[in-house]
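Input: a single structure, listed below in structure tokens.
What follows is calculated from the coordinates using simple rules that are stated; it is not laboratory data. None of these values were measured; they are calculated from a predicted model. Note that each Cβ is placed from the backbone with ideal geometry, even for glycine, and that neighbours are counted across all protein chains shown.
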Amino acid sequence: ATKQKVKVLYHVGCLTSYNRDMWKLAKTTVKLLKKAGVDFGIAGDNETCCGGRAYQMGYKQDFLNQAEKNMEMIKNAGVQTVVTSCADGYQAFKVLYDKYNLKGSLEVLHVTEYLDRLIKEGKLKPTREIKMNVTYHDPCHLGRLSEPWIHWKGKRLPGVQRRFDPPKVFRRGTYGVYEPPRDVLKAIPGIRLMEMDRIKEYAWCCGAGGGVNESNPEFAMWTAVERIKEAEATGAEAIATACPWCEKTLGEAVNESGSSLKVYDIVELAE
């Protein structure tokens with residue numbers, strides 16, 4: 001994408017690029033996009049981190065430097081739509097870049113949103129039958145944290161109560177990406193979706209977000225095991241998610257807890 005103009009750019013993401021276990025996610029995504037006839041490009045060796053993880057850990061300026069570099073590459077390549085299979089990257093491109101007025105008119109889609117669109121347009125049709133009861137884990141960065149940024153200018157009024165002029169709309173996570181991943185799962189022949197008690201904006205974190213897995217690995221593992229217990233309670237045979245960080249962490253929790261659950265990214269099931 002850095003050598004020629006492309007309208008659709010597939011941003012692979014750091015974990016998917018550098019963790020061999022996640023290469024299958026990128027390969028399957030590319031396979032599905034080609035199958036649907038999508039004309040897209042990748043940045044290859046020139047792809048750099050979205051900067052989201054730096055922002056989450058408090059390194060705002062490092063994030064901004066990275067974001068500006070990415071947007072310069074995207075504009076120079078004529079990109080109109082960025083598609084990513086990484087929930088962290090999705091939230092960075094869609095929400096954080098917009099927060100700091102860097103996103104412009106760029107369309108940002110998670111791969112599940114794009115696959116859902118392609119399926120509904122008749123350009124892609126999952127045909128492989130998978131007879132399996134599956135529960136879905138909402139990634140934090142694809143769910144509550146991906147709610148569109150709301151730009152607001154005003155002031156807080158004096159007093160004990162939190163009052164603003166003009167009134168301020170708060171982001172509560174209600175408008176994250178929840179239905180497209182579920183619709184893709186439902187479009188796969190044989191799959192039966194079995195929901196956990198805590199879903200969508202109330203979903204329990206996998207434990208990997210915000211650098212917790214690196215700074216507090218024991219707490220991250222406990223968090224992930226708790227989520228596995230919730231998944232098992234549905235009676236599902238597998239847990240599907242839409243984030244490489246979630247897939248990796250939940251897979252480690254399955255091994256740690258001795259669970260028989262299988263862990264998949266939705267893209268793998270839609271192949």
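Points to keep in mind about this one:
- Rounded, prolate or oblate (a/c below 1.5 giving rounded, otherwise prolate when a/b exceeds b/c) for segment 139-223 by Cα gyration tensor: oblate
- Projecting the Cα positions of Val134, Ala253, Pro158 onto the charge dipole of the chain (unit charges on Cβ atoms of Lys, Arg, Asp and Glu, taken about the Cα centre) puts Pro158 furthest along the positive direction.
- Reach of Lys99 by Cα under 26 Å, taken over lysines that are not fewer than 8 positions away in the same chain: Lys7, Lys60, Lys69, Lys75, Lys153, Lys155, Lys168, Lys200
- Other residues within the sphere of radius under 9 Å centred on the Cβ of Ala224, judged by their own Cβ, net out at -2 (K and R +1, D and E -1).
- Local net charge near Arg53, Cβ-Cβ under 13 Å (Lys/Arg +1, Asp/Glu -1): -2
- Note on the chain: with charges restricted to the Cβ of Lys and Arg (+1) and Asp and Glu (-1), its dipole about the Cα centre is near 1000 debye.
- Rounded if a/c under 1.5, otherwise prolate or oblate - segment 158-271, Cα gyration tensor axes: oblate
- Cysteines without a disulfide-compatible partner [the chain; Cβ-Cβ under 4.7 Å]: Cys14, Cys49, Cys50, Cys86, Cys140, Cys205
- Counted charge near Ile239, where neighbours are those whose Cβ lies closer than 12 Å (Asp, Glu -1; Lys, Arg +1): -4
- In the chain, the calculated helix contribution to ellipticity at 222 nm averages -10500 deg cm²/dmol per residue, counting -39,500 (n - 2.57) for every DSSP H run with n ≥ 4.
- Ranked by the mean number of other Cβ atoms within 10 Å of their residues, highest first, the peptides 121-129, 234-242, 94-102, 80-88 fall in the order 80-88, 234-242, 94-102, 121-129.
- Among beta bridges identified by DSSP and lying wholly in segment 64-203, the antiparallel ones come to about 20 percent.
- For segment 1-146, a crude dipole built from +1 on the beta carbon of Lys and Arg and -1 on the beta carbon of Asp and Glu, taken about the Cα centre, is about 460 debye to the nearest 20.
- With both labels modelled 7 Å from their Cα along Cα-to-Cβ, the Tyr202 to Arg162 distance reads 2.0 nm.
- Within the chain, DSSP assigns beta bridges of which about 10% are antiparallel (rounded to the nearest 5).
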